[in-house]
Each structure stands twice: as structure tokens, then as C-alpha cells.
1. Starting from the Cα coordinates of segment 134-179, work out the convex hull volume and express it per residue in Å³.
2. Normalising by the residue count of the chain, find the relative contact order in percent from Cα pairs under 8 Å and 6+ residues apart.
3. Normalise the Debye intensity by I(0) for segment 134-211, one equal point scatterer per Cα, no solvent, then take log10 at q = 0.18 Å⁻¹ and round to two decimals.
4. At what distance in angstrom do the alpha carbon centres of segment 154-222 and segment 74-102 lie from each other?
5. Give me the Å³ per residue figure for the convex hull around the C-alpha atoms of the chain.
6. Among Ser69, Tyr135, Leu83, which residue has its Cα positioned farthest towards the positive end of the charge dipole of segment 61-148, with +1 placed on the Cβ of Lys and Arg, -1 on the Cβ of Asp and Glu, and the dipole taken about the Cα centre?
7. What is the Cα coordinate range of segment 61-189 on the first, second and third principal axes, sorted by size from largest, in whole angstrom?
8. Which of Ala119, Tyr163, Ala174 sits closest to the plus end of the dipole of the chain, meaning its Cα is farthest towards the positive end, when Lys and Arg get +1 and Asp and Glu get -1 on the C-beta?
Amino acid sequence: MTLFQPFLILHITAGFVAVVVGFVPLLTRKGSRAHRLWGRAFVALMATLLACAWVMTALHFNTYFLALSATASLTLFSGVRVLGRKRPDIQAEDRARPLDWIATLGALGIGVWVLTLIALDRSDGPPVVSAALAYGALSVAAWDLWRFSRPRDWPFSPDLWRYEHLAKMLSAHAAVLSAFSGNFLTFLPQPWSQLWPTVLFQSMAVIWVATLIVRRRRAQLA
């Protein structure tokens, strides 16, 4: 057995469980004990999955896996860290730390690297999916860098952390579901077998956040 295989087995196992467990926090009441418990379980599974993914990418480099690992890592990391940065407008301890900057700039650099490899025709993965993942990493990184550098500016609101947490955790779940679908739902046409979870979950995030904003505004006017 090579060094790669144990990490692959653990990666697949954690991924299978994460696909299922990730739905539970979505279906439980937000802020409840069950939501927090299953959310932590999902984060632990994703952290295990991603640690294995980074090792496997280092052992057998692949542009697609690099882009997927970077995007999923940033959305998961940022989606969790934002829970400790709820009020950066009034509390200095809620502002981004060096670790946040390092992780975000690292993902930004990987996104640029992946797009450069695709442009030079040196990508060894599906270019359309790899590019979509790279642009996803760039988008999340650009957003976070703006939030880090200008924590009081638009579009800050006291509930922004909630919207960010929701959107980023949905993105992390979409990433693992994309990998699952691309590898096991082979009857679906390429590249949609890998892209449909992202399209679906991002649409859910937009609708969900918009609904929360409308409800909050109505409550303020009531």
C-alpha cells in the first residue's frame, strides 16, 4: 500500500459522511444545541477530508484538486471564523487576525495560480470546473479582504456575520457534494455532474439571505 492510499480511504470515508451530516445543520433550528452539535461534526469531517486532500494534492498534483481544496478550505475556514467576528465595527477583538489574512491571501494566490495554469494549457484537470472553482476562491477571498480592511463600510450590518456564515457553509457543503457527484453520479453529463451542487447551493444561499433581510426589515418597521 502506497502513502497515497490511506489518505484516499480516509478522504472518501469522511466525504461520504460529510455529505449526509451537512444536511442536518440546514434542517435544524439555527442557534439550537442540535444545530451547533451537528455543525461541529460537519466541520470536523470537512477538516479531515480537506487535510487528506492537501496531502494527496502534494503527493499527486492535480489542478482540479488544488482548486477544489483551496475553495472548500477557504469557505469552511471563513464560515467558521466569522462566528467570532460578529461586531468588528465596535469590538477590535472581532476584527481579522493574522491567521485570517494568511488563509485568505493563500487561497487568493492559489486561485490566480490555477487560472494561470489553465491559460497556459498546463491544467491536468477539467478546465471548466477548475476555472469555476478558482473564480470561486477569488470571489470569497476578495470579499473577505474587503471586510478585513474596511470592517465598518458597506455592506456591514449587525447581522452580516449570519449571512456570511450561511453562504460560506453552504459553499463548503456544495464543494464536497460536487466531488461526490463528479465521482459517483457519472450518468450526469460533464461538467454539470460537478457544477450542479454549486449552482443549487449558491441559489439557495441568495434566496435564504434575501429572505432573512426582508424579514429583518419588516420586523424593524413593525
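Values quoted throughout were computed directly from the atomic coordinates according to the rules given, and no laboratory measurement underlies them. Since the structure is predicted, the reported quantities are computational estimates derived from the model, not experimental observations. Glycine gets a Cβ as well: all are built from the backbone with ideal geometry, and neighbour counts include every protein chain shown.
1. Given the Cα convex hull of segment 134-179, per-residue volume reads 64 Å³.
2. In percent, rounded to a whole number, it is 22.
3. After summing over all Cα pairs, the log10 values are -0.79.
4. Cα centres, segment 154-222 to segment 74-102: 20 Å.
5. Each residue corresponds to 138 Å³ of Cα convex hull volume.
6. Leu83
7. 49, 30, 22
8. Highest projection toward the positive end goes to Tyr163.
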